[in-house]
Amino acid sequence: MREYLLTLCITAAVTYLLTGPVRKFAIVAGAMPEIRARDVHREPTPRLGGIAMFFGLCAGLLVADHLTNLSEVFEKSNEPRALLSGAALIWLIGVLDDKFEIDALIKLGGQMIAAGVMVMQGLTILWLPIPSVGSVALTQWQGTLLTVALVVITINAVNFVDGLDGLAAGMVCIAAAAFFLYAYRIWYSYGIEAAAPATLFSAILMGMCLGFLPHNMHPARIFMGDSGSMLIGLVLAAGAISITGQIDPDALKLFAGSEKAAVHQTVPVYIPLLLPLSIIAVPAADLISAIVRRTWRGQSPFAADRGHLHHRLLEIGHSHSRAVWIMYFWSALIAFGSLAYSVNSASMWIVLGVVFLSAIGLVLLLLPRFTPRVPMWAQTIVPPRYRRRRPVAAESVEAVEAVEVEQRTPVAVGVAGVNGATALRSRSHAPQRRKAETSR
């Protein structure tokens, strides 16, 4: 465990320290696209955060290769090298997309090629654990197609949910934490060495997300872009493939009595990881709803819109930060609920706890911007956002706006502004634009 924690900390530190220089490089390189109709941020923000995350991945694998116990993973398995090869390819495609906006079909082809590279080096699904049947061996073509499909689905699910500051990195970090606990239990409790690569991938993935989150929380100073979202999606899929399709349930039958009992015992997590629907249930649901919605309208499934789950939370009335935390809550509930159910599926307390937390989540979901009414005697104690505002005459409001316009100094080109981005033009017209929007 100490070596896993050391690898996680090194990955997080490298990612965190490199994100600042990468942000400056993105500004110089011009990787700051204009504000699009579906965007929720109001200032041009640099992308290419995936560069720092990729070097964090490389640092984590390099450190793990030189540790006493984790070095055995590289000696007994070729999966870390397969992950690095596929990650490098998908990262290069993401960097090009962040800079030049390449076509969606080209990105899809690159994702399939990256998955194929990992399959060629041994990171593939060999068999499937099926309830009441046992392990079903797959042919080479079946395993390849299933592996490629899982990688593409996971990458696009994470990419689709990357729409708010800190959303994708936080949700993937939560999923990686639950995945790490499950894989570590398989490796340590049952003594199955085949689960060690998936445990290592999860620890490195947590480090990548934790190191990038301080720069990406609202208001974000840099975005991970497709170079980061596709990268962490591929790493998450690689861990699922490693532990789901390569660990034979026959190795667990000593602890469960028979092979069928071992498969039945691990179904709560094996099958969801295969699809995957529990670890990244929220991104997968968003992906499916987006495909159905766009196809129903006669659009391409890759056409961008403002119909994602996080966009709907904002339309309901939730603030940016609250929408992100609500998505965190549901991701943690589904991921750790599945983890707890896999440990003890016969416990009724786990089911009742999940139902109770789900009810709390629904209340928070349907309660936009609740501001309690504070009594008059407590006005000076509570923060300003909870104080009652006194009615102001219309003439006073116009006078205050006129004074603000006169006192506001224009921001020159190249001066840092909101979200840490670089202003592209003067902001002297911001009050008029805000006033025009409110009049509409």
Worksheet item: Considering only segment 166-200, how many residues are more than 15 Å from the chain's Cα centre (by Cα) and part of a helix (DSSP H, G or I)?
Response: 18
Worksheet item: Of all residues in segment 58-75, how many are part of a helix (DSSP H, G or I), surrounded by 13 or more Cβ atoms within 10 Å (Cβ to Cβ) and touching a residue at least 24 places away in the same chain (Cβ under 8 Å)?
Response: 7
Fill in: GLY109, sole failed condition from (1) farther than 15 Å from THR244 by Cβ; (2) touching a residue at least 60 places away in the same chain (Cβ under 8 Å); (3) open to solvent by less than 70 Å² (accessible area, probe 1.4 Å); (4) in a helix (DSSP H, G or I)
(2)
Fill in: Test result for GLY170, touching a Leu at 6+ places or on another chain (Cβ under 9 Å) and surrounded by 24 or more Cβ atoms within 10 Å (Cβ to Cβ)
no
Worksheet item: PHE74: in contact with a Pro (Cβ under 6 Å, 6 or more places away or on another chain), farther than 20 Å from VAL152 by Cβ, at pLDDT below 95 and of a type in the set (Phe, Trp, Tyr), yes or no?
Response: yes
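The values are calculated or read from the model by the stated rules, or taken from the named source; none is laboratory data. Remember, it's a predicted structure, so these values are computed and weren't measured experimentally. When we count neighbours, we look across all protein chains shown, and the Cβ atoms used for this are built from the backbone with ideal geometry, even at glycine. SASA here: full protein model, heavy atoms, side chains in, ligands and nucleic acids out. Shrake-Rupley method; radii C 1.70, N 1.55, O 1.52, S 1.80 Å.
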